[in-house]
Amino acid sequence: KWFHPVLNRNTAEHILTGTNRVGSYLLRYFSKGGPDDLTVSAKFPDCVKHFQILWEGDGYAFGKHKFDNLKKLMQHFENIPILRISDADTLEVLEIELRYPYPREIHDDMASYDCVHDHIEKMARPADIHSVSSDVEDPEFEIRQKTGFLTKRGDRIKNWKNRWFVIQKQWMRYYAAKDSTNPRGVIDFTKALDCNADDSFSNGFTITYPKRIYYIQATDEEEKESMVGYDRLEN
């Protein structure tokens, strides 16, 4: 009932971000894996994280455990498993209970709909629906996103490493490599105190939290300004 076969990563994040329950989760296909590979998307306090469940020919591998078949895997989730992960930079351990499966079918309350009092047509559409008037433009819908390599300084070990960054909505995730699927860390712009250019190092900017400052270096001045400006737009 909580398997969402047509959901992709972006849509799963939108759904779970909109929930108020930490520990909400759903199951979907792993888009970059084989036909039997799955992904669990789970709501953490500050973000949504995704975990692979890979079919290895003789069972489903999830973390350090392997389940012989799908039925045993589902029984595991019915027992409210506890997930523990650690941030690669801060070494902070995050722990949640997968307690609230997000159902595929949501009850549609007819009483929540509004009634249309009246409506008129602004303009007549062309007789040939394939001949679109120059005054009518179809909008382009997209999820705001930036991707690219940036250099980030470690929190405890002050070395600089090149990371692949994916920035979407208020989330800034960074990965060890472009083809990595598990982020090394997540930065939430809405939790940050500020995001400013830092002239103490070339093309640098900082993202300031109450207990941490992220030091990040862009490839050039234009990229740096776009990153600082992105934070302004998201806040």
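Laboratory data are not the source of any read-out in this text; all were calculated from the coordinates shown. Quick caveat: nothing in here was measured; it's all calculated off a predicted structure. All Cβ positions, even for glycine, are placed from backbone atoms using ideal geometry, and neighbour counts span all protein chains on display.
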Check each of the trypsin sites (Lys or Arg not before Pro) in region 16-45 and keep only those in coil by DSSP with at most 14 other C-beta atoms within 10 angstrom; list them in order.
Arg21, Lys32
What FRET efficiency, computed as 1/(1 + (r/R0)^6) with R0 = 30 Å and r the Cβ-Cβ distance, is obtained for Lys161 and Asn8, rounded to the nearest 0.05?
0.55
Under a point spin-label approximation (7 Å from Cα along Cα-to-Cβ), what is the Asp118-Ser200 distance to one decimal in nm?
6.4 nm
If you build the Cα gyration tensor of region 1-109 and take the root of 5 times each eigenvalue, what three semi-axes come out, in whole angstrom, biggest first?
20, 19, 14
Taking max minus min of the Cα coordinates of region 165-235 on each principal axis, largest first, gives extents in Å of 32, 25, 23
Could you check the simple spin-label distance between Glu221 and Thr17, using points 7 Å along Cα→Cβ, in nm with one decimal?
3.2 nm
So if I take the alpha carbon set of region 1-58, get Rg, then get Rh from the Kirkwood formula, what is the Rg over Rh ratio?
0.99
